[in-house]
Every structure is written in C-alpha cells, then in structure tokens.
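The values are calculated or read from the model by the stated rules, or taken from the named source; none is laboratory data. None of these values were measured; they are calculated from a predicted model. Here the Cβ is made from the backbone with ideal geometry for all residues, glycine too, and neighbour counts use every protein chain on show.
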C-alpha cells in the first residue's frame, strides 16, 4: 500500500526541479528545497515543518502541498495526505496528473473506496497520463469496484484471539500447525532491551512453540537452539506430522542471498541443526516464506529471483527420491502478477493453495486468495476470500487446519496495537478438501521398543504414493494425513520385520474428519509370523483379483525380493455365510490367485505356497457385518 518513495520527485515536471516553481516567493522556494533535502534523508518531521513553512509564505504553493502529502503518506497518516493532495488539486487540477494516483492510494488506505475510485477515474481519463499509469489507474478502479461490492456482500467472519498463552504485548505472527492441531509454532518479535524503544536494532524474531492440552493452548515457550539464533527467524512451515520444519532466515553465515530457506528435522523433542537448502532453491536473490506439501515433495515459496512475472512471485521446487530439489518453476500467469505474491500455504489436501497478492483485484493492499490444482496439475483462477476477511489493510500469512474449517492468521487491526494470532471459521466457499489423519506409535511386537519405520500412503485407484515419511526414531510416533474421497492403502515397513498393511475406504465420503488412532506392532521376520494383507480385493463371489490389489501385491513382491531367504504361505479366509465346502474352495482359489501373481512377478514358485481355510479360522464375530468383513481376509505367513 506504500507509495513509491520519490515517485513524485522522479516524475515531477521539469519546472518543479528548476527555478520555475509555482511560487513567486524566493523564501517559499528555499524552504521547499530544504524540505526536499530532508525528505530525501528520511527526516520526515523536519521535511513537514519546512513544507508547511513554505505554504505559510505562499498559500497557493502547489508543490509544497503535494510533497507534504507524500510525507504524510510515507508515515501512514493517510487522512492528512489526502487533505494535502486535495488542496494541491484545488489550486491547479492539471499541474501534475499523477497526484491523483497518490490521492487515490491515500483514500484507498483509509477504506474510502468511492473517493479513491473518483481519483483513479480522473487519472485514467487525463490526457497527460502515460498508458502505463492509465492502466494502473484502471486496475485500481477494479479494486474499488470489487471492494464496494464485497462490502455489500460480506462473508461470515468472526475472529477469536488464541488467548494470552499465545498473544502478548509483543508481535505474534506467521503461525504453523501440525495436522492434528496439537502443536503450534509461530514467530514472536521480542525487544532485546525491554526498557528501550521498538526499533530494528532492539528487535529480534524468534520461534515459539505451544501445545493444545485439555482444550487450551499451553504457555508458549521459546523453541531455543538450534532453530533460534541471535539473528532473525520467521515464516515457519511444518510438515503435517511435525517432523520437519522449513523456515526463513536472513543474513546467516554461509547464506546465498539476503534471506534463504532452511529446514530441520525433529527427533523426539529435539530439533536437529538447521540446513540451508542451497541451490537451486536459494540464490543471491530473496527466497522466503516457504510452505511444504504434506508429502514433503513440493516446496512453495516467494522470491524476487530472475525470471518472475512481477516483483515477488510464487515458485515451487520438487524433491526427488534422493532428496535433491529441482530447479524452481514459476507458478505462472494465472497466479503471479506484475505486483507482489507472498505467503503461500499449501493445505494438507495437497491441492488447495492460499496466498496473498497486491496485484490481483482485491480490497487494496495485500488480499488473501485461494486457488485449487486439478488432476492435470493446473491451477484454477484465484478467488478472493472476501470482506471482511480482506480489508483495506494488508492481509498475509493465512493457514488452514487439516479439517478445512478453521483459518489462522495474524493481524493488528483488531487490537490496533501489536499483531496477534487469531482463528476463525472459514466460510464454505473457500474451504479445502477435508483431511483426516491416522496417528499412533510403531513398536516391536516382542520387546515393545519404539521403532523408526517407513510409511507409505498410496492411492489405490492410481497407485500413486500420496504420503511418504518415517515414524520418529526416538518415540516411534507417526501422523499420516488422509484426504477424504479416495481409497488408500497404508504400508508400514522396516528391515527385519513383516510389513503392516491397512486400508482406508473413503471414496464417496464427503465428511470423514474423525482421526484414526492406532498403534502399529511390527512382527520380526521369523517362522510362523503372519500379517493380514488388508488391500487384497476380489470380485464378488470370485477369485479374480481386482485392480486395486496391485499396490499390495507389489509390496509383497518387493518384500520377498528383499528377503530372498524366506518362504511364505498365502492363507485365504471367508466368513460363515453360505456353504462351508464352497467357502473353503473359494478361499483356496483366492489364495492361489495371489500366489500365481507372485510367481508371475519373478518369485520362485518353491518359495510360495497357498492354502484355503474357509470359515474355520475367524478373528472376529460373524454376528455383525463388521466382524464378517474382518474374517474375509488374505494373509501371508512365513513358513521357512
């Protein structure tokens, strides 16, 4: 929203920069030129004093009113700026047409959209204005028209402070949450010397952390070393499980640009040493405000690097299986503008992106927008989140919880003092897809020792890996986000253990946000151990494998290839519905189908046996549909 410093000075007509000012008073002229010098040195109070003295000498001194208006604008006194601009225009409406742009900006900063629109209209219709500035005026008119309509059609918005455990007399902003909404990390700007003044040399940005316990946030504490340092850290982004954090740090030793993106890994309650992502993500330019996708494969960020569409653009980089980041790509014209795009946030659904822009049509300043990625990877036309979520103030730094119903952001417009963090119910039109999660611990079934194990959440329809991560190496904890509307296979594996299989049938469900809380025991590889293959599916009353079984069959094939010294038996089971003899035959045929798939995939037939047990070995009651479903199963068992 700030005016470009010296915009008026650079565009001032030659008469204003020579002896031919609009005043005939030598004293007023000397005072004005001294004021310009002070303005150039950022001595705003002195510049205003001199401009006002010049005006007192000559009440019709156009340039003095105009420059005084610019000073007021720079110090955020927009009402005074508008008054001085209007006085200048009343003296000579055609002396310097660009004053209407600054006047419109002042009224826009005050939320006076009708007055702002009129100023931009005069600018865009003035014959002495360049095509570039005419187009800028027309874009501002679009903003005013949008704002007027939006204010007449407000969206539901009732922000609530996160409370005194989070918000203090200092500035709190840039929140980030885990998918289960139990861990909150944010940036707090603290005064190094509480008795001093709030100025850059006496302020430092640090990360603070809080936990959601018994319906309240715990007292936030400084997250400490090694994430925090004696310099500034900000804009954190947690992976869905809270295991990794990406953030911005500026002017660190070994940095590539003014601000770079770093990441760190958590083990238990301890964070590892932050690592600079390095090239090609970081350059000599400004890279900041990262947002990591839930699968950890795509990093979104804002940068002014070369090749952009405007000033700050949104970019993304992908990570391969070896942990290498690709050359970043621009998100393109549908999102980036000639202005600034900032604070990207990719939701846990991995399809909905929120961001801030001052180049797209909005309320003025930075507005919050949402765009969605389709199956082809294309982004939709960004949608403004509406008024009063967006206002004539700057809105930036929005995040949305996994369930998709609550937003979190920081603002000073509620308190009128420092920035605090607020939460609010996100109106349905701009919500992402709902996401649930599975949470628990992985442990050795014999010793109960917590294990670091590999997780893969796989879309059964496409066989695509949606999430890939590891449980915590110290406490075995894991959290896997699961988006509704699809069917998934979950595989948990570790060398020396049988893999664990689970199934989430969520296709057709629009609302499934209750979490799945489940601990995962892994059984050591040894004779007699068995595991249920929960993602093996057959056609009804048939032994023909369904295509959705391929993911699990390939996982079993991979397991056997990695363990060439073992042999297995595939066991088929049914419920007690129907004839026992028929059930036994069907279960054996189904087990044989699985064994044949393994053999056709390169597994020696001598390592693969099969057997059908029909209804004779139930693991649940056959009195309920849920129990019968559990009894209809395929297992594999180590026999040698």
Checklist entry - Where in the range 461-554 are the strands (runs of 3 or more DSSP E), entirely inside, with at least 2 residues that are under 27 Å from residue 617 (Cα atoms) and in contact (Cβ under 8 Å) with a residue 24 or more places away in the chain? => result 487-493, 500-505, 520-522, 530-532
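Taking the range 222-268, which residues are within 30 Å of residue 453 (Cβ to Cβ) and touching a residue at least 60 places away in the same chain (Cβ under 8 Å)?
Within the range 222-268, 236, 237, 238, 239, 240, 241, 242, 243, 245, 266, 267, 268 meet the criteria.
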Next on the checklist: Suppose we filter the range 429-450 for residues that are within 21 Å of residue 482 (Cβ to Cβ) and not in a strand (DSSP E or B); how many remain?
Outcome noted: 4
Checklist outcome for this item: Exactly one of 76, 135 is closer than 29 Å to residue 362 by Cβ, part of a helix (DSSP H, G or I) and at pLDDT below 95, and that one is 135
Next on the checklist: Restricting to the range 363-394, give me the number of residues that are assigned to a loop (DSSP other than H, G, I, E, B), closer than 28 Å to residue 483 by Cα and out of contact with any helix residue (DSSP H, G or I) (no Cβ under 8 Å at 6 or more places or on another chain).
Outcome noted: 9
Checklist entry - Does the range 409-417 contain any residue that is within 30 Å of residue 322 (Cα to Cα) and part of a loop (DSSP other than H, G, I, E, B)? => result no
Checklist entry - Since residue 172 meets every condition but one in (1) under 21 Å from the mean Cα position of the chain (by Cα); (2) assigned to a helix (DSSP H, G or I), which condition does it not meet? => result (2)
Checklist entry - Only one of these conditions is not met by residue 338: (1) over 14 Å from the mean Cα position of the chain (by Cα); (2) more than 19 Å from residue 158 (Cβ to Cβ); (3) touching a residue at least 40 places away in the same chain (Cβ under 8 Å). Which number is it? => result (3)
Item to check | Unique residue being over 28 Å from residue 135 (Cα atoms) and within 18 Å of the chain's Cα centre (by Cα) when the list is 324, 401, 330, 384 | outcome: 401
Checklist entry - Within the range 20-48, how many residues turn out to be at negative phi and assigned to a loop (DSSP other than H, G, I, E, B)? => result 8
Next on the checklist: at positive phi and either buried (at least 19 other Cβ atoms within 10 Å of the Cβ) or in a helix (DSSP H, G or I) (or both): which single residue out of 572, 614, 578 fits that description?
Outcome noted: 614
Checklist entry - Residue check: is residue 122 modelled with pLDDT of 95 or more, within 30 Å of the chain's Cα centre (by Cα) and assigned to a helix (DSSP H, G or I)? => result no
Next on the checklist: Which pairs turn up if I take residues in the range 343-358 that are without any contact (Cβ under 8 Å) to a residue 40 or more places away in the chain and look for partners that are surrounded by fewer than 23 Cβ atoms within 10 Å (Cβ to Cβ) with beta carbon separation below 8 Å, at least 6 apart in sequence or on another chain?
Outcome noted: 357/337; 357/339; 357/340; 357/342
Item to check | Residue among 252, 266 that alone is at pLDDT below 95, assigned to a loop (DSSP other than H, G, I, E, B) and assigned by TED's automatic domain parsing to the domain that holds residue 399 | outcome: 252
Checklist entry - So which residues in the range 341-381 are over 15 Å from the mean Cα position of the chain (by Cα) and under 22 Å from residue 137 (Cα atoms), if there are any at all? => result 358, 359, 360, 361, 362, 363, 364, 365, 366, 367
Checklist entry - Would it be correct to say that residue 167 is within 22 Å of residue 421 (Cβ to Cβ), in a loop (DSSP other than H, G, I, E, B) and free of Cβ contacts under 8 Å to residues at least 24 places away in the same chain? => result no
Next on the checklist: The conditions are (1) modelled with pLDDT of 90 or more; (2) within 24 Å of residue 184 (Cβ to Cβ); (3) buried (at least 19 other Cβ atoms within 10 Å of the Cβ), and residue 436 fails exactly one of them. Which is it?
Outcome noted: (1)
Checklist outcome for this item: Going through the range 440-473 in order, the residues found to be in contact with a helix residue (DSSP H, G or I) (Cβ under 8 Å, 6 or more places away or on another chain) and on the phi > 0 side of the Ramachandran plot are 463
Checklist entry - Restricting attention to the range 310-329, does a residue exist that is within 23 Å of residue 484 (Cα to Cα) and modelled with pLDDT under 95? => result no
Checklist outcome for this item: If we keep only residues of the range 275-291 that are assigned to a loop (DSSP other than H, G, I, E, B) and under 20 Å from the mean Cα position of the chain (by Cα), then the residue farthest from residue 313 (Cα to Cα) is 277
